[in-house]
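See below for the structure under consideration.
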Amino acid sequence: MKQRVTIDGPETGQQNMLLDLALHEEVRSGDLLAGLRFYSWQPWCVSLGKHQDRERLNQRELKRLHFDVVHRPTGGRAVLHANEVTYCVCMPLPDASKAQLVYGAIHDMLYGILSSLARDLVHASLTMDLRTHYNANQSLGQACFSSHAKSEILWSNKKVVGSAQRVMDDVLLQHGSILCGAGHEQLAKILTQTSDEADRVQSALGNASATLSQAANRDVTIDDVLSAAARHKDTLCDTLAEITSLVVGAES
């Protein structure tokens, strides 16, 4: 039994979620100590947190833009998986109170890779939370990149990686979206019903989120991120084992 890092190609929303749940099952069954998967989406896909209502989305815009829609097994809020790379981590977590510790440790692990692509990134613990400015029942409150959690990867005080967690059967599943370039801000058209509201939400998302391309002042592509992950695969495996050992006392 050991840890595994996988670099996958683009898949549909449904297939990506099935693969993530299969990874979760490998860890739950004891066939795998911990797993980390990187992948992208084709077509672009809106993923909703487990408890978000698909019927609240703008169905006309979904059809016009040809976006896929899927529910994630994790919590959190809506993400448009466009010009980005998604990661999925699964590991044992019998003590759910350690979930925030794992959240920060995983972001620290990712920061080590992403900072090689954009040196001005910051991995910081924050007290600021933009959710104090927005009601979660409103359109902006449904967007993942509208707020900061306690441990985030940032550029210019804007979120570059948005993550969500869920513990199922004593196994943590953590998803995260790594923004490479523009595209995710079109989520505003899906979360709203009028053009004025869409403009307001899109502006707010732009003020709260940033891409690796912005941070690097050059074009950072999906392939760039996946290639960086592949180059650091051995280090990622070792770090994944260390995080698991930290929270459950497992041996790599």
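Where a number appears in this text, it was derived from the coordinates with a stated rule and is not lab data. Just so it is clear, the structure is predicted and the values come from calculations on it, not from any experiment. Quick reminder, even Gly has a Cβ in these numbers, built from the backbone with ideal geometry, and neighbours come from all protein chains shown.
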Of Gly183, Gly249, Gly206, which residue is within 19 Å of the chain's Cα centre (by Cα) and at positive phi? Gly183
Being outside any helix (DSSP H, G or I) and either without any contact (Cβ under 8 Å) to a residue 40 or more places away in the chain or surrounded by 15 or more Cβ atoms within 10 Å (Cβ to Cβ) (or both) is the filter here, so list the residues in the range 1-23 that pass it. Met1, Gln3, Arg4, Val5, Thr6, Ile7, Asp8, Gly9, Pro10, Glu11
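Quick grid of which residues meet (1) free of Cβ contacts under 8 Å to residues at least 40 places away in the same chain; (2) in a strand (DSSP E or B); (3) under 15 Å from the mean Cα position of the chain (by Cα):
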| residue | (1), (2), (3) |
| --- | --- |
| Arg60 | yes, no, no |
| Arg64 | yes, no, no |
| Gly76 | no, no, yes |
| Thr86 | no, yes, yes |
| Ala99 | no, no, no |
| Ala118 | no, no, no |
| Ala124 | yes, yes, no |
Go through the range 42-58 and give me each residue that's under 26 Å from Ile113 (Cα atoms), small (Gly, Ala, Ser) and part of a loop (DSSP other than H, G, I, E, B). none
Residue satisfying condition, being of a type in the set (Asp, Glu), surrounded by fewer than 23 Cβ atoms within 10 Å (Cβ to Cβ) and in contact with a strand residue (DSSP E or B) (Cβ under 8 Å, 6 or more places away or on another chain), within set Glu26, Glu55: Glu26
Taking only the range 175-203 into account, find how many residues are among the acidic types (Asp, Glu) and within 30 Å of Ser227 (Cα to Cα). 1
